[in-house]
1. Checking a compactness column here: for the range A:1-119, what do you get for Rg(Cα) / (2.2 N^0.38 Å), N being the number of residues?
2. Using Cα-Cα distances under 8 Å and only pairs 6 or more residues apart, what relative contact order does chain B have, in percent?
3. At a threshold of 8 angstrom on Cα-Cα distance, excluding pairs fewer than six apart, so keeping six or more, what relative contact order does the range A:2-231 reach in percent?
4. Taking the Cα-to-Cβ direction at residue A:107 and at residue A:226 and moving 7 Å from each Cα, how far apart do the two end points lie in nm?
5. Can you list, largest first and rounded to whole Å, the semi-axes you get for chain A by taking the square root of 5 times each eigenvalue of its Cα gyration tensor?
6. On a full-extension model of 0.36 nm per residue, what is the gain between residue A:160 and residue A:65, subtracting their alpha-carbon distance, rounded to one decimal in nm?
7. May I ask for the distance between the Cα centers of the range A:1-45 and the range A:56-128, given as a whole number of Å?
8. Given Cα positions, please report Rg to Rh for the range A:103-199, the hydrodynamic radius being the Kirkwood one.
């Protein structure tokens, strides 16, 4: 099983992701420079958080045209697992691998905090180690996590059960009161139609070791590993 | 050389937290009559070209692909200098 962590100029959570997958989970892991295009040796790709290209123009707008992204799109179309975290989620939106766009946080503040997420699906490659309705605690750190899509897209996301994580209280009550950024429907993470591409604003790599104060992030990476094992190694 | 001005604005109905904050600040300054503020981007582009029609098409394409995000933004291309 081989994991790849894409490095754009300005990525700053790449080393955290690499550390969790390689040292904490003991998986083969490589960095992928944004100029590379051969992803054939990988089973899963992580687009990490950060400020790719300084967030110039719009978050993710320039990274989306990096050479590696056309390979990531091919990889996703062939069914490969792709997770975009924070800036990685923003890049997936700009690339059209997921629908919608990010707006500035409603409060206009950059928010660095821990939030509770409700797991809305327990049957995806990213959530199979959790049960539907479970509440997990994961850190966020973003200024533009206010997910927006038009009504038609939102209806489709709901009908197709593609909202995977939503912001909630510790008890699991989903409401705008617990939504840090103003996202529609309290959305924190969504998947694509095929279910192999996940975008989420919270950072599971920042809570995958007890020394960091939480391990709920491991549920997501462990789910991916479980799914890859079931699918069989390449 | 052709010079174009490109205006990128948030689509109607898309929340603009930045515009809201500026509106509130204007109210504090005493501009109580300010009803709404929406903030967009103004981009100047110079093209090595003299064919206005071709340039317009190219500018529309680059706006749609990169300069604006059609999910949340509209854009308007104005060619201001040809020569």
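Computed from the coordinates by the stated procedures, all read-outs in this text should not be read as laboratory data. Being a predicted model, the structure only gives us computed values, none of them experimental. As a convention, Cβ positions derive from the backbone with ideal geometry for all residues, glycine included, and neighbour counts pool all protein chains shown.
1. 1.05
2. Working: 123 pairs, mean separation 43.8, N = 83.
The normalised contact order for chain B reaches 53 percent.
3. Numbers: 526 pairs, mean separation 43.9, N = 230.
Computed value for the range A:2-231: 19 percent relative contact order.
4. Inter-label distance under the simple model: 3.3 nm.
5. 24, 20, 18
6. My answer for the length gained is 31.3 nm.
7. 16
8. Here Rg/Rh amounts to 0.95.
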